[in-house]
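See structure below.
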Amino acid sequence: MRSFNGRDILSLKEFGREEYFRIFEVSDRLAPFARDRQNTDLLAHKTLVTAFYQPSTRTRLAHEAAMHRLGGHVLGFSDAKMTRAGDFYQESIKDTVRMLEFYGDALVMRHFQQGAPHEAARWASIPVINAGDGWGEHPTQVLTDLYTILKEKGRLDGLKFLLIGDMRMRTMHSISYAMTQFDIDAFYVSPPEMSLTDEFKGEITALNLNFREIEHVEEAIGEVDVIYMEPVVQPDYTKSRDERSGDVGMTPANYKVTKDLLRKAKQDAIILHSLPRMDELPMDVDDTRHARYWIEAYNGVVVRMALLALILGAME
Ligand code: CP
């Protein structure tokens, strides 16, 4: 297995099965600090730089919280408009990163351009974490999701997933790559204009994922263990910011998971949603035994603690 020390976390495409389990083992070891709201000094002499060119609540703050839990330091920006990349100069990723690498020991970047963190990694001498790039990938979110599933179901192999939403979404790409490393059957449901591209289907087929595209959620809801959701009413992820203007429309019934629909689900099926949500996941579902998205959000801190400890060489 490749060492994580000094490594960029850009995509799950090349992640091997044993690498997932290594991250989950380290997550288990560090979880008590997050659970007990305690900080340690594992990364006391390290600094994380956050470069967020697109809005975020969970991903940026979970990385920051993780760094604080490990006794490290954080600096960065959450609005590129306040940097030279967002004003008259439109400073390039190369020039920006050639500065940021002097300010800390690891860089976590969210960007509206697909591949921007990969470009940053070309120029940075410190590890770069992809916190979401356009419609590309969101590897740390999906590591969190798999860890949550492992904790809740006790295994990853032998499970069936129902993926509902916009298949252009970066989480859908990362989870699809991840599923190829486990014995997982996947059903995908999306509006036709948001379906998996032929190119991507070719990729996951070549990686031996056992998957089927279905038209209606009801075709699979009764046999799946994990319901993995994203909105279909969403912003344009290729923009630095997409403000809501006027009526954004409602989610068609076929892409919603309601309490009523859940009557047809397996007793122990769990729902994950990376959040934020629109109306595809009504708030009364929060009170059902199926909801796991709050624990998923909490695990976001735990898994980022593990990743930071590993790439900064504090754990092997
Ligand atoms: N899950 C997630 O990526 O949320 P944020 O956009 O708030 O970071």
Taking segment 156-198 and the residues there that are polar (S, T, N, Q) and open to solvent by 10 Å² or more (accessible area, probe 1.4 Å), the one that is farthest from Gln234 (Cα to Cα) would be Gln181
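Does Glu243 satisfy the condition of being surrounded by 20 or more Cβ atoms within 10 Å (Cβ to Cβ), on the phi < 0 side of the Ramachandran plot and either of a type outside the set (A, V, I, L, M) or in contact with a Pro (Cβ under 7 Å, 6 or more places away or on another chain) (or both)?
It is false that Glu243 is surrounded by 20 or more Cβ atoms within 10 Å (Cβ to Cβ), on the phi < 0 side of the Ramachandran plot and either of a type outside the set (A, V, I, L, M) or in contact with a Pro (Cβ under 7 Å, 6 or more places away or on another chain) (or both).
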task = With the condition kept exactly as written, say whether any residue in segment 130-141 is touching an Asp or Glu at 6+ places or on another chain (Cβ under 7 Å), crowded, with 24+ Cβ neighbours inside 10 Å and assigned by TED's automatic domain parsing to the domain that holds Met305.
result = yes
Reported set for segment 43-83 where residues are within 11 Å of the ligand (Cβ to nearest atom), among the hydrophobic types (A, V, I, L, M, F, W, C) and in contact (Cβ under 8 Å) with a residue 12 or more places away in the chain is Phe52, Ala62
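Going through segment 202-211 one residue at a time, which ones are under 20 Å from the mean Cα position of the chain (by Cα) and open to solvent by 40 Å² or more (accessible area, probe 1.4 Å)? If you could, list the steps in order and put the result at the bottom.
So in segment 202-211, the residues under 20 Å from the mean Cα position of the chain (by Cα) come out as 203-204, 209.
Correct list: Glu203 only.
The values are calculated or read from the model by the stated rules, or taken from the named source; none is laboratory data. Bear in mind the structure is a predicted one, so any value in this text is a computation, not a measurement. A quick note on method: Cβ atoms are made from the backbone with ideal geometry, for glycine too, and the neighbour counts reach across all protein chains shown. Keep in mind that these areas ignore ligands, DNA and RNA; they rest on the heavy atoms of the full protein, side chains included. Shrake-Rupley method; radii C 1.70, N 1.55, O 1.52, S 1.80 Å.
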